[in-house]
Each structure stands twice: as structure tokens, then as C-alpha cells.
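Undergrad: Before I ask anything, here is the structure I am working with.
Computed from the coordinates by the stated procedures, all read-outs in this text should not be read as laboratory data. Because the structure is predicted, anything quoted here is derived from the model rather than measured. Note that each Cβ is placed from the backbone with ideal geometry, even for glycine, and that neighbours are counted across all protein chains shown.
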Amino acid sequence: MTALLLRTIIAAVVIVAASEFGRRSPRLGGFILSLPLVSMVAMLMSWFRDHDIAAISRFARETLVFVVCGLPFFVPLAFAQQLGLGFWVAMMAGTALAAATTALGLFFLS
């Protein structure tokens, strides 16, 4: 239970920090979001719980694959202004792209 609470707090702090810093400096907000802090904490907790490098290695490989699958989410949002898209349209388009690429990843990589 303590591990779950710790991961939740870390995730919340990262989200709030990225949002606040991103308002002042989009580059700094993006940098904070690009850090794999939650993944690092999850892997550390897994290591201390099980000491199983094979499981952590597989976890890291799977995370790497799905991070790549999720990257298309950012494309419509990154170019929304140039494409004349509103926030919600860009958000829905990004979500649809990420869902499609993740589904393809699950289908072809499993």
C-alpha cells in the first residue's frame, strides 16, 4: 500500500510541476514531462521488492515500445495552430492516433 501511495504522489507532483512550469516556460514543462520519473520509481520499487533483473529488463523493453507507440499523440497538438485546429479537436485527434498506434503495437508486437 505504501508503494502505491508513493507512486501516486510522485505522479501527481510531476503533473502539477509540469503544468505550472509549462505555463511559464513550455520548454521546461516539456522537459519535465519527458523525464521518465514515474517509470524509474516503478522500476526501483520492483527491484527492491523482487531483485529480478530479467523482469525489470522486460518491463523496460515493453515501456520503450509503448512510449514510441504513444508519441503520435503529440503531433496534432504540436501543430494545432498551423493546422487551424482547436484544442479539443487536436486532443481528440492525438488520442485517436495514440490509440491506433498502440493497438497496432499490441497486434504486431505481441
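Undergrad: Work out which helices of the chain, taken as complete DSSP H runs, extend at least 15 Å along their axis over the Cα atoms and score a mean Kyte-Doolittle of -1.0 or more, then list them.
TA: TM-like helix candidates: 2-24, 37-50, 53-70, 87-109.
Undergrad: Could you size up the charge dipole of the chain around its Cα centre, putting +1 on the beta carbon of Lys and Arg and -1 on that of Asp and Glu, and report it in debye to the nearest 20?
TA: 200 debye
Undergrad: From the mean inverse distance of alpha carbon pairs (Kirkwood) and the Cα radius of gyration, derive Rg over Rh for the chain.
TA: Rg/Rh for the chain comes to 1.03.
Undergrad: Per-residue ellipticity at 222 nm for the chain, helices alone: DSSP H runs ≥ 4 residues times -39500 (n - 2.57), over residue total, nearest 500 deg cm²/dmol?
TA: Estimated from H runs of four or more residues: -28000 deg cm²/dmol.
Undergrad: Find the all-direction average of the projected area of the Cα convex hull for region 53-110, expressing the result in square nanometres with one decimal place.
TA: Projected over every direction and averaged, the Cα hull of region 53-110 covers 4.3 nm².
Undergrad: I've got another one for you. What is the Cα radius of gyration of region 1-51 over 2.2 N^0.38 Å, N being its residue count?
TA: Output field value: 1.31.
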